[in-house]
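Presented below is the structure to which this report refers.
The values are calculated or read from the model by the stated rules, or taken from the named source; none is laboratory data. Values in this document were obtained by computation on a predicted structure and should not be read as measured data. With ideal geometry, Cβ positions are generated from the backbone for all residues, glycine too; neighbour counts draw on all protein chains shown. The accessibility values were calculated without ligands, DNA or RNA, using every heavy atom of the protein model including side chains. Shrake-Rupley method; radii C 1.70, N 1.55, O 1.52, S 1.80 Å.
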Amino acid sequence: FGSRFKRDQASSFSCQSNRWVAAMNIFRLSGDMLHLASIVLLVFKLHKSKSCVGVSCRMQEMYALVFIFRYMDLLWSFISVYNTVMKLIFITTTCYLVYLMRFKPPISQTYERSNDSFQYELYLLGPCFVLGLICTEEYTI
């Protein structure tokens with residue numbers, strides 16, 4: 001399994017019958033629940049106020065891209081039901097937020113594109129792609 005699994009074994013993996021099993025970590029659970037609560041609060045705020053003033057749609061798009069690319073392992077590996085469900089929730093709720101802010105009236109009508117103008121596709125996507133190729137540990141699927 002290499003040094004990566006030896007390092008991870010101390011924090012979140014344990015060996016049972018020569019099989020690697022993910023152990024629940026209280027810090028990971030706390031982080032996931034706080035992240036989930038923040039997304040739920042943002043969705044609730046958008047629905048209740050019918051306005052997205054002060055919320056960056058571009059930032060939500062960047063979060064969606066991060067979650068989609070970071071959680072691509074859902075297509076070829078299974079860790080646990082909890083892990084799979086949380087990844088799917090993060091991806092779908094973030095895409096739902098982008099949908100609300102871009103297309104769903106009356107929320108989309110309050111989106112101020114002129115105030116949300118950072119062009120991440122020009123400044124971030126290329127460097128992140130290059131760094132992802134350079135800094136990866138393994139090139140296997």
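List of remarks:
- Formal net charge of residues neighbouring Gln109 (Cβ-Cβ distance under 15 Å; K, R +1; D, E -1): +2
- Bridging of Lys50 to aspartates and glutamates at a Cα separation below 19 Å is possible for Glu112, Asp116, once same-chain residues fewer than 8 apart are set aside.
- Anisotropy class of the stretch 42-86 from Cα gyration tensor, a/c 1.5 cut: oblate
- In the context of the full protein assembly, Phe78 retains an accessible surface of approximately 140 Å², using a probe radius of 1.4 Å and ignoring ligands and nucleic acids.
- Using the Cβ of Val40 as centre and a radius below 13 Å, the other residues enclosed give a net charge of +1, where K and R count +1 and D and E count -1.
- Taking Lys and Arg as +1 and Asp and Glu as -1, the other residues whose beta-carbon sits under 15 Å from that of Ile68 total -1.
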